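Each remark here refers to the structure printed beneath this line.
The values are calculated or read from the model by the stated rules, or taken from the named source; none is laboratory data. Note that the structure is a prediction, hence the values are computed from the model and not measured. Cβ: placed from backbone, ideal geometry, glycine included. Neighbour counts: every protein chain shown.
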Amino acid sequence: MNKFFAVVKREYKKVVFTWTFLLTTFLMPFIGAMFLVVPMLIFTIEGEQTRIAFADLNGNLAERLKKNLTPNKLADNLKRTAEGSLDKLEPSQNKQIEETAKLFGGNFKIIDYDASGKTPSEIKEFLNSLVAKKELDAYIIIPKDIDSTESKFELYSRKAGDFIINSTLESALSDAVRSQRLLDADISEEKLRQITRRVKLEKRPITETGAEKEDGADPMSGFIIASFLMTILLIYGQAIMAAIVEEKETKISEVLFSSARPFELLMGKLVGVGLAGLTQLAIWLAAASLLLGFGALSASASGIPIELPSITLMVVIYFLIFFLLGFFIYATIYAFIGSMVTNMQEGGQFAVLPVMILIIGLYFCFAVVRDPNSSLAFWMSIAPFFAPIVMPVRILAEVPPFWHIALAILLNGVAIIGLTWLTSRVYRIGMLMYGKRATIPEVWKWIWHS
Amino acid sequence: MDEMNTTLSVEHVTKRFGDFTAVEDLSFSVQSGRVFGFLGPNGAGKTTTIRMIVGITIPDEGKIQLFGSGITPGIRDRIGYLPEERGLYKKMKVLDQLRYFAALKGVAQKEADKRIDFWLGRMQLSEWKSKKTTDLSKGMSQKLQFIATMLHNPDLLILDEPFSGLDPVNVEFMKEVIAEIKSQDKTIIFSTHLMETAEKLCDDIILLNKSRKVLSGKLREIKASYGKNVISLRCSGGEAVLADKELVAHIVEHSDEKEIFLKETGRAKDLLARLVESGADVTKFESIEPSLNDIFIDKVKT
């Protein structure tokens, strides 16, 4: 047993105490954070003030528009959108919304301009000259008849590409026009809001047993997690194969085999590298939950609706269990390949096989996400080789009955025992064969006749 | 043979790989505290036999006993094995590497560290302790591998071609170390094709050829039994006598003298008498022991 632990320790340290491991482990969450935080930071950077004039041919809208662009009004609007997507607003979020609004509102400096009695071309000529003199940045021409479908609202801007300004202006303008139309139709603003409030449809799936349950996670997140799992399994499988080929190429195996049983050596290697993978995954999971929590908070604060998948501790545990099952299945296959080839290039040719199996599993995840209770989903999520990818996706979509999960663990456990038995027999002999790749009939003989 | 002093006994061992018989019906034993030479040309079955002794492979037939019992993990930890195919982890540091090999032999780390320091000092590698293996020269990694073989203080040391790849200075150095280990009452088995080295170091030898034992026993006795019939001769003339196939088996020519191998029935005094009779001028006539090399070539040829 001590020898086994010596192998585990070496393999673990060999993987974990490398620059690449440390970099990928700690950089990944950092890169993830960058994707979440950097755009938010960029949004909060104060733009230059935009000097804007309204050429109001209608005569009623300029004042409304001005009011709609004050920070208070903007904050009100943001709050309303946020309330639409989130049930309740925390006081801290309230404050954040106000600050964001102030930021947007403070961006505008309204230049008074009286357009009455002027033709559009006169207006344009004059305002364009102001822009040319750098006294004005943008102006909006509001048509006389705001109800005709023919009439156009036009924004002339030096910064036509600034989408934040554009969208703020657009919504302020539509609000102003709407208010005017309501006034014309004799309907109060408050009344309209009541009439047009959106219905919120709550999705509550019913499980097979007829019990209600909370809304499941976003199907996309299941797929992302499946491809993420697949990538990790492939990376660690490759690492195992490389380690075995190295021992064969450098002929260390002979010394090793005279010291410890091949089975101990093989299992030590698998467990050591597996623990390293688990370490990395745990760090990523912890970082991801921190980031998601933080990201969701600041996203909803700035009015972007975001829904967190409902992940319980049990789901995380299942996730880790199926990662380990997958690791041992694919690592053993890679170890098998490593034992029969003489270098990494040869190994690469055979390694297409596990990659294919994993990709097929990934495709089945689509079917599982669409209908987690179909019989296809059931069979694929318990099948050896596929379950480690498919089952976590299915659990995320909708937690299946416990016996499905137990059966998947059992079947894959049995598959691992079988694979380990096969691999240890090939490993024992293959590692002492130098210079020549084993043929399939030879491997067959090693397994059954030695 | 005294069972108490037998470190290794190999009894009627056969090993086949498919149709090829690598070792056939091999029996020999190694007494404790002796240096045992495992000799034979390439492909004779030396490495296959050694692999069976250290328990990497299992014989198809026959029995191998170490220290009076079968091969168990406990017994294995009493063996130090330096394989012919040397292997070290390239990217591992010298110290970590040695610690790992010691742990695989069941040595506690504290004890291992003490022995690592001792052996690195003894092998003049102390300043390389925290270097990576790739930085070491070939000779140095060879010495490092030897240290890895010694860390668990084995009672039986099995060295497969221990001198290959070493420069002459290091060969002498390793010979000293081996002699030192022998003086600590350890048993050493080493395989080599360098007969001169074997001759200087071995107490007993076994000679394998084509999967079979050709010869075995105490080196002294083997050489003595061959010695009767070899004559170191310096003379001019007498070519007719030397060409007599009834008397002379074969001749090895040196620069100014000849080694005459007599037929088993041939006798030294007959040769001398006939040379003198033929009028040859004999300046040296000495009955000598053949070198191990001569015996090796003689046995492998026939």
- Message: small (Gly, Ala, Ser), facing chain A (nearest Cβ under 10 Å) and buried (at least 20 other Cβ atoms within 10 Å of the Cβ): which single residue out of B:Ala108, B:Ala103 fits that description?
- Response: B:Ala103
- Within the bounds of the range B:258-271, is there any residue that is assigned by TED's automatic domain parsing to the domain that holds B:Asp294 and in contact with a helix residue (DSSP H, G or I) (Cβ under 6 Å, 6 or more places away or on another chain)? no
- Note on the structure: Inside the range B:30-58, the number of residues satisfying the requirement of being of a type outside the set (Ser, Thr, Tyr) and away from chain A (no Cβ under 13 Å) is 16
- Task: Quick one: in the range B:1-36, of everything that is over 27 Å from A:Pro262 (Cβ atoms) and touching a Leu at 6+ places or on another chain (Cβ under 7 Å), which residue is surrounded by the most Cβ atoms within 10 Å (Cβ to Cβ)?
- Result: B:Val35
- Across the range A:158-188, what is the total count of residues that are free of Cβ contacts under 8 Å to residues at least 40 places away in the same chain, surrounded by 12 or more Cβ atoms within 10 Å (Cβ to Cβ) and among the small types (Gly, Ala, Ser)? 1
- Message: Would you confirm whether or not the range B:79-91 contains a residue that is more than 25 Å from the chain's Cα centre (by Cα), closer than 20 Å to A:Ala242 by Cα and either more than 8 Å from every other protein chain (Cβ to nearest Cβ) or crowded, with 24+ Cβ neighbours inside 10 Å (or both)?
- Response: yes
- Query: If only one of B:Gly68, B:Gly106, B:Gly40, B:Gly62 is touching a Phe, Trp or Tyr at 6+ places or on another chain (Cβ under 9 Å) and at positive phi, which one is it?
  - Reply: B:Gly40
- Task: Being more than 14 Å from chain B (Cβ to nearest Cβ), at pLDDT 80 or above, under 30 Å from the mean Cα position of the chain (by Cα) and part of a helix (DSSP H, G or I) narrows it down to one of A:Thr100, A:Thr24, A:Thr20, so name that one.
- Result: A:Thr24
- Item | Subset of the range A:143-161 [at pLDDT below 85, closer than 23 Å to A:Asn60 by Cβ and of a type in the set (A, V, I, L, M)] | A:Ile146
- Restricting attention to the range B:151-164, does a residue exist that is assigned to a helix (DSSP H, G or I) and either within 14 Å of chain A (Cβ to nearest Cβ) or at pLDDT below 90 (or both)? no
- Task: Provide a single number: the residues in the range A:377-414 that are without any contact (Cβ under 8 Å) to a residue 24 or more places away in the chain and under 26 Å from the mean Cα position of the chain (by Cα).
- Result: 2
- Message: Can you tell me how many residues within the range A:1-17 are touching a helix residue (DSSP H, G or I) at 6+ places or on another chain (Cβ under 6 Å) and either more than 8 Å from chain B (Cβ to nearest Cβ) or not in a helix (DSSP H, G or I) (or both)?
- Response: 6
- Query: Does B:Lys223 meet the test of being surrounded by 15 or more Cβ atoms within 10 Å (Cβ to Cβ), in contact (Cβ under 8 Å) with a residue 60 or more places away in the chain and assigned to a strand (DSSP E or B)?
  - Reply: no
